[in-house]
Amino acid sequence: MVRLSVLASLLLSLVIPSSATSAPLAKEIELNGVRLSYVEEGAGESIVFVHGAFSDLRVWEPVREEVARRYRFIAYTQRYHGVGAWKDDGKEYSTVTHADDLAKFITSLNAGPVHLVGYSGGGAVAMVAALKNPALVRTLTMYEPAALFVLPAESAQGTAAREDRAKFTSAAREANKAGDPIRTMRLFIEAVLQLEPGGFDRLSEPTQTMLLDNARTAPLMFGAPPAPAITCDALRTFTRPTLVTHGEKTQTFFKLINEGISKCVPGVQQVSFPDLDHGAPSAAPAAFTAALFEFLARHQGL
């Protein structure tokens, strides 16, 4: 397990700096009957970044400029996320749908094989897409993937992870049942990032805007069908270089998933970010990109 030193005075988790340079203009691509927006910048080997719950391509803004200095940075917004219109009522929202979209996205851009980076729910999407389409992937990096489906329900790890998730998301789930997507999102973010009540209001304005824009996905996320279980034997067949990272102070739920993945994927590399939680890629972009670059340097030319 690698531990990276970071300053104790880091910003609150999931903070998108308001001083960030202007992002490149978003483009659109049509696939699987939907239009997805994306941004790209830089040149060289392509890195595709996949966002998680209640977010979109904007969550990667803190790392965009640094990544684009060395690689072709590509971040896209998954269907139903962002501010675009939906083609339906959200009935196709699922990890499997998002993973299929991701594979088509990589193929449509003629960018593969790519270095694939997924954050939280985006890590689960990236994993499913990579397992199904290994030829599209050079390396796989996941920050605290919300991939509960890799832990058997009957296992001690699986039971503990499910209990922890139920505990810290209970308030958000109740708000979702009451039909209040904004309150659902706020409670979910505060729980996942371990913020005090009302901590959402102290996040940066750009972060709050992004999260509020995506609050409408609350009933879709909580109502989505579970992803098909992935066994340890299936993970052992994945031979692409893999990096699994987490914050030292994150929820037990994410740590257990990382442990489960690390036990099964051959040669996996792990990185822990001291004193950080689920928001490390945004709160500590320099530390996150340093870990990513070190990992990619080990596997240059693949």
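Out of Thr231, Thr217, Thr207, Thr242, I need the residue that is among the hydroxyl-bearing types (Ser, Thr, Tyr), more than 26 Å from Tyr71 (Cβ to Cβ) and buried (at least 19 other Cβ atoms within 10 Å of the Cβ). Which one?
Answer to the check: Thr217.
So which residues in the stretch 247-271 are crowded, with 19+ Cβ neighbours inside 10 Å and either over 17 Å from the mean Cα position of the chain (by Cα) or more than 18 Å from Phe149 (Cα to Cα) (or both)?
Listed by number, the residues that qualify are Gly247, Thr250, Gly260, Val265, Gln269, Val271.
I need the helices (runs of 4 or more DSSP H) fully contained in the stretch 60-162, keeping only those with at least 1 residues that are of a type in the set (S, T, N, Q) and within 18 Å of the chain's Cα centre (by Cα).
Because the criterion is at least 1 residues that are of a type in the set (S, T, N, Q) and within 18 Å of the chain's Cα centre (by Cα), the helices (runs of 4 or more DSSP H) in the stretch 60-162 that meet it are 95-108.
Across the stretch 30-59, what is the number of residues that are more than 19 Å from the chain's Cα centre (by Cα) and in a loop (DSSP other than H, G, I, E, B)? If you could, list the steps in order and put the result at the bottom.
Within the stretch 30-59, the subset more than 19 Å from the chain's Cα centre (by Cα) is 30-35, 41-45.
Those still in the list that are in a loop (DSSP other than H, G, I, E, B) too: 32-33, 42-45.
The total comes to 6.
Would you confirm whether or not the stretch 164-177 contains a residue that is modelled with pLDDT of 95 or more, in contact with a Gly (Cβ under 8 Å, 6 or more places away or on another chain) and either farther than 17 Å from Pro241 by Cα or crowded, with 24+ Cβ neighbours inside 10 Å (or both)?
no
Taking Ala283 as meeting all but one of (1) surrounded by 18 or more Cβ atoms within 10 Å (Cβ to Cβ); (2) at pLDDT 95 or above, write down the number of the exception.
Here Ala283 meets the rest and fails (2).
Quick one: is Arg186 among the charged types (D, E, K, R), modelled with pLDDT of 95 or more and in contact with a helix residue (DSSP H, G or I) (Cβ under 6 Å, 6 or more places away or on another chain)? Spell out how you get there, then give the answer.
Values: among the charged types (D, E, K, R): yes; modelled with pLDDT of 95 or more: yes; in contact with a helix residue (DSSP H, G or I) (Cβ under 6 Å, 6 or more places away or on another chain): yes.
Yes: the conditions hold for Arg186.
Give the residue, chosen from Glu196, Glu190, that is crowded, with 18+ Cβ neighbours inside 10 Å, without any contact (Cβ under 8 Å) to a residue 12 or more places away in the chain and at negative phi.
It is Glu190.
Matching residues to (1) in contact with a strand residue (DSSP E or B) (Cβ under 8 Å, 6 or more places away or on another chain); (2) surrounded by fewer than 20 Cβ atoms within 10 Å (Cβ to Cβ); (3) among the acidic types (Asp, Glu):
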{"site": "Asp88", "(1), (2), (3)": "no, yes, yes"}
{"site": "Gly121", "(1), (2), (3)": "no, no, no"}
{"site": "Pro134", "(1), (2), (3)": "no, yes, no"}
{"site": "Glu144", "(1), (2), (3)": "yes, no, yes"}
{"site": "Ser155", "(1), (2), (3)": "no, yes, no"}
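Any residue at all in the stretch 127-136 that's in contact (Cβ under 8 Å) with a residue 40 or more places away in the chain, under 26 Å from Thr217 (Cα atoms), out of contact with any Pro (no Cβ under 6 Å at 6 or more places or on another chain) and among the small types (Gly, Ala, Ser)?
For the stretch 127-136, residues in contact (Cβ under 8 Å) with a residue 40 or more places away in the chain, under 26 Å from Thr217 (Cα atoms), out of contact with any Pro (no Cβ under 6 Å at 6 or more places or on another chain) and among the small types (Gly, Ala, Ser): present.
How many residues does the stretch 166-188 contain that are closer than 22 Å to Asp277 by Cβ and out of contact with any Leu (no Cβ under 7 Å at 6 or more places or on another chain)?
11
Name every residue in the stretch 45-91 that is touching a residue at least 12 places away in the same chain (Cβ under 8 Å), farther than 21 Å from Ile182 by Cβ, of a type in the set (Lys, Arg) and out of contact with any Asp or Glu (no Cβ under 8 Å at 6 or more places or on another chain), in order of residue number.
Arg69, Arg70, Lys87
Please verify whether the stretch 15-30 includes one or more residues that are crowded, with 19+ Cβ neighbours inside 10 Å, modelled with pLDDT under 75 and under 16 Å from Pro206 (Cα atoms).
Looking through the stretch 15-30, at least one residue is crowded, with 19+ Cβ neighbours inside 10 Å, modelled with pLDDT under 75 and under 16 Å from Pro206 (Cα atoms).
The values are calculated or read from the model by the stated rules, or taken from the named source; none is laboratory data. Only a predicted model underlies this, so the values are computations on that prediction, with no experimental measurement involved. When we count neighbours, we look across all protein chains shown, and the Cβ atoms used for this are built from the backbone with ideal geometry, even at glycine.
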